[in-house]
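Enquirer: Pasting in a structure now, in structure tokens, and then I'll have a few things to ask.
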Amino acid sequence: MLCQGATVVSSEDGKYTVSIEVDGCAEDEVLEDLDASVIVVPAETYKAGPIDARLVGHSKGITQNLLERGVIESKSKLKAACGTKEKKARKDAKAEEGIGQHESVEVPKHAGWSGDTPCCLEFLLSEQQDLQAQQNAIQELILSRGHDCIFLPKYHPELNFIERYWSRVKWYARQKCDQTNAGLRTATDEALSEKACDLALIHRYSRAGWRWVDAYQKGLDGVLACWAVRKSKCHRFVPDAVDREVNRMAAEQAVDEARSASAAGEAPPLIGRGVADMAAVGALGDDDDD
């Protein structure tokens, strides 16, 4: 373990050379070929100024990073990060105010700024421009090979055609499995082969994903987006005819909601919309039309 008086002299191929001050000795003791697992991050010094040599090559923590940048003072009392209780309180407060149309029920991880005071050290570090511009290792690797790196939004598996592929694989394995371990291994290997899902079917799943993207770009969501995707026969987009029909359905729905709002305290039963919702959920299988 690195402690006070210990310094990393050099590192190569995951091996470290460490110099340790020994009381009563004129020369430091040098330990060579130490594994990375042996090197433990030393205690943070929490002071501004030049970087402590003992911290070079190690994770220094949020406080030390912000101190070196001169963003906070050594006597800062900011907490390290916003807790789940604070986030839940903000989420409950947002729910009480009311969630608007197309607005997420979620709230940001951090409360942000309160005047000139940040909510926590983690938020303050995330606000640093160089960290915001820093790409992760996956992005750097993909871009260095001349490709585009596009991240899909969270909680939208319909946009990622690999989800349909995995759905097909699991369905095929369930159909072929004889409820034994050996049978499951055989069925899994077969489900991952082209026999269960060939390239043509994968292309079909990809086209379905692009139709979902186009539906969202047209401003559709929920049941209307699902209906438009199911009705589309084009490869990668929702045609104008389907878009017009969706707009007509949306206008009728808006009229119905307006009538319900003007009713004397009683909303009419939403049987038709409930049936549409169930039909939409059932339409999310892997048998999308081309």
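Enquirer: Does residue 156 satisfy the condition of being closer than 30 Å to residue 222 by Cβ and touching a strand residue (DSSP E or B) at 6+ places or on another chain (Cβ under 9 Å)?
Expert: no
Enquirer: Considering every residue within segment 181-192, establish whether at least one is touching a Pro at 6+ places or on another chain (Cβ under 9 Å) and of a type in the set (Asp, Glu).
Expert: no
Enquirer: Which residues, counting only those in segment 72-105, are of a type in the set (D, E, K, R) and either part of a loop (DSSP other than H, G, I, E, B) or surrounded by 10 or more Cβ atoms within 10 Å (Cβ to Cβ) (or both)?
Expert: Answer for segment 72-105, where residues must be of a type in the set (D, E, K, R) and either part of a loop (DSSP other than H, G, I, E, B) or surrounded by 10 or more Cβ atoms within 10 Å (Cβ to Cβ) (or both): 73, 75, 77, 79, 86, 87, 88, 90, 91, 92, 94, 103.
Enquirer: Right, another one. Within segment 107-127, track down each residue that is in a loop (DSSP other than H, G, I, E, B) and touching a helix residue (DSSP H, G or I) at 6+ places or on another chain (Cβ under 7 Å).
Expert: Matches in segment 107-127: 107, 109, 110, 111, 112.
Values in this text are rule-based calculations from the coordinates and carry no lab data. What you see is a predicted model, and the numbers here were worked out from it, not measured in a lab. Here the Cβ is made from the backbone with ideal geometry for all residues, glycine too, and neighbour counts use every protein chain on show.
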